Amino acid sequence: MKNPNDSFLKGRLRSLKFALRGAFLLITTEHSIMVQFSIAVLITIFGFVMQISATEWMFQLLAIGMVLVAESLNTGIEKLSDFIHPDYHKRIGFIKDISAGAATFAAIIAVIIGLIIYIPKFS
Ligand SMILES: Nc1ncnc2c1ncn2[C@@H]1O[C@H](COP(=O)(O)OP(=O)(O)OP(=O)(O)O)[C@@H](O)[C@H]1O
């Protein structure tokens with residue numbers, strides 16, 4: 001929550017502290033993020049092993065970031081939905097489905113980027 005007595009810099013630092021805590025919570029408590037984060041670590045190690053180029057690193061990192069961001073926002077929407085309406089409701093189901101759909105778009109594009117980077121290295 002905002003403290004009206006905070007200076008601009010103090011306010012930004014407070015927000016950064018909360019944001020980092022959120023990232024830590026996502027990685028340590030949310031199974032879907034744990035899975036995606038583990039894949040991100042593995043594919044990063046693989047990038048070093050295969051000695052991918054600077055351009056390939058940029059696309060790989062963008063793909064990893066895109067998936068983690070989409071999956072994290074999806075988790076947030078799921079949590080918010082469960083808080084607002086814990087019981088079964090068709091519209092909550094729809095909201096969760098399309099939120100998961102957004103994460104799926106990110107995952108599909110990331111897989112395509114991975115194939116474009118690595119397939120030529122094995123052929
Ligand atoms: N309250 C609800 N009302 C209607 N449908 C729901 C509700 N909760 C979940 N669903 C349906 O179940 C699906 C899975 O929901 P859930 O919240 O378990 O997400 P999940 O992706 O399985 O969770 P996680 O990311 O933790 O693995 C939703 O996409 C939706 O179709």
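Every residue in region 81-96 that is more than 17 Å from the chain's Cα centre (by Cα) and either part of a helix (DSSP H, G or I) or more than 8 Å from the ligand (Cβ to nearest atom) (or both), please.
Applying the first criterion (more than 17 Å from the chain's Cα centre (by Cα)) to region 81-96 yields 81-95.
Of everything in region 81-96, those that are more than 17 Å from the chain's Cα centre (by Cα) and either part of a helix (DSSP H, G or I) or more than 8 Å from the ligand (Cβ to nearest atom) (or both) turn out to be 81, 82, 83, 84, 90, 91, 92, 93, 94, 95.
Pairs are defined by a Cβ separation below 9 Å, a sequence spacing of at least 6 or placement on different chains, a first member in region 34-56 that is closer than 14 Å to residue 116 by Cα, and a second member that is surrounded by fewer than 16 Cβ atoms within 10 Å (Cβ to Cβ) and among the aromatic types (Phe, Trp, Tyr); the pairs so defined are 47/57; 52/46. Go through 38, 99 for me and flag whichever is within 10 Å of the ligand (Cβ to nearest atom), part of a helix (DSSP H, G or I) and of a type outside the set (Val, Ile, Thr). So the residue among 38, 99 that is within 10 Å of the ligand (Cβ to nearest atom), part of a helix (DSSP H, G or I) and of a type outside the set (Val, Ile, Thr) is 99.
Only one of the listed residues (56, 78) is buried (at least 16 other Cβ atoms within 10 Å of the Cβ), more than 12 Å from the ligand (Cβ to nearest atom) and among the acidic types (Asp, Glu). That residue is 56.
Just so you know, all these numbers are worked out from the coordinates, no wet-lab data involved. Fair warning: this is a prediction, and the values are worked out from it, not measured in the lab. Glycine gets a Cβ as well: all are built from the backbone with ideal geometry, and neighbour counts include every protein chain shown.
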